[in-house]
């Protein structure tokens, strides 16, 4: 098959969708399919390059960095449409696989040429324009238009139009893939539509401990290490984990790619106020160092999100590296983890419950080994790109047939 992937951003950007598209494309190429990627030109990237034998076409959209994608997504539509039209005329793709609402809006007219379009929904942007389903410290449940308009600082009629538009373009796809059951259940379409759940997983390659890691980052070799990987923003719940540091004799390591400065200030003030010594912060660490140093040298990986994350790849990265993982009992985590078997789930936002779960693993070596081994077996058996790509290929063939 000849496949065009359309995504707002791509490697070297390291967000969840970017990693998903890169890993999926690599696996499809490995299985004999041709994959090209259409994405936006951000920073000092080239208009065309080959990334691990994948042809990557980048178009200028006026978007300067990853953060601008969240509020300038409409800039993608016209440049993506023109480039997709040119690429389709030249390469005659069998199908187009899109990721994100504006990627979808840009290529939808190509359906006039009978080109099947597959949509992967990585978060519920159909009913929540932000795609977070989280506002002012609470999870959104009913999608009331009044609350949504306040959240988005927009009037009700505009919000209604946006929601109708997003729902309408999603309904026009040939097939929809959701990355978790939580995402699937949160999608409210007017028309009956087949939605297949296929998880987002991490690459299971590259977890090779770097022997210089302990000295390079000055870890305490005598203490257990609790690791957080994610953005320093309220909904990622870093402060929930931080609250447990007061009572647990371990080193708490926070690796983050982006920080809300007000939230980071609150975080540091809490550290000073409670006189917590064993907290280490590492901004903008490369994915290579995360895999070679931070994950291998950690004892427990915690994902304390306060919002229903669609399907965090951090969980499968922890499992792949044979590390026990603790996550909040929300969103896609409940698909990935069987509580007490291959990971632990705690009540979201409850630092006392999280503290109990951390201590239970630190105090019970057999539990640590059991969870780590079961998680690793799950990744080997089902949560890997070989299995996931086969499921996606099955969706492709269903559409083409």
- [ ] Give me a count of the residues in the range 285-299 that are buried (at least 23 other Cβ atoms within 10 Å of the Cβ) and either under 16 Å from the mean Cα position of the chain (by Cα) or outside any helix (DSSP H, G or I) (or both).
- [x] 2
Open item on the list: Restricting to the range 96-112, name every residue that is crowded, with 20+ Cβ neighbours inside 10 Å and farther than 15 Å from residue 82 by Cβ.
Closed with: 97, 98, 99, 100, 101, 104
- [ ] Being more than 27 Å from the chain's Cα centre (by Cα) and assigned to a helix (DSSP H, G or I) is the filter here, so list the residues in the range 359-368 that pass it.
- [x] 359, 360, 362, 365, 366, 367
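Based on this model, can you work out whether residue 56 counts as touching a residue at least 40 places away in the same chain (Cβ under 8 Å), assigned to a strand (DSSP E or B), outside the structural domain of residue 258 (by TED's automatic domain parsing) and within 13 Å of residue 5 (Cβ to Cβ)?
On the way: touching a residue at least 40 places away in the same chain (Cβ under 8 Å): yes; assigned to a strand (DSSP E or B): yes; outside the structural domain of residue 258 (by TED's automatic domain parsing): yes; within 13 Å of residue 5 (Cβ to Cβ): yes.
Answer is yes for this residue.
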- [ ] Please determine, by comparing only the residues of the range 70-95 that are within 22 Å of the chain's Cα centre (by Cα) and in a helix (DSSP H, G or I), which one is surrounded by the most Cβ atoms within 10 Å (Cβ to Cβ).
- [x] 76
- [ ] Specify which of the listed residues (190, 130, 156, 160) is surrounded by 15 or more Cβ atoms within 10 Å (Cβ to Cβ), outside the structural domain of residue 350 (by TED's automatic domain parsing) and at pLDDT below 80.
- [x] 130
TODO: Kindly list the number of the only condition in (1) free of Cβ contacts under 8 Å to residues at least 40 places away in the same chain; (2) surrounded by fewer than 14 Cβ atoms within 10 Å (Cβ to Cβ) that fails for residue 386.
DONE: (1)
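The values are calculated or read from the model by the stated rules, or taken from the named source; none is laboratory data. As the structure is a computational prediction, the values presented were derived from the model and not from experiment. Counting neighbours? That spans all protein chains shown, and the Cβs are built from the backbone with ideal geometry, glycine included.
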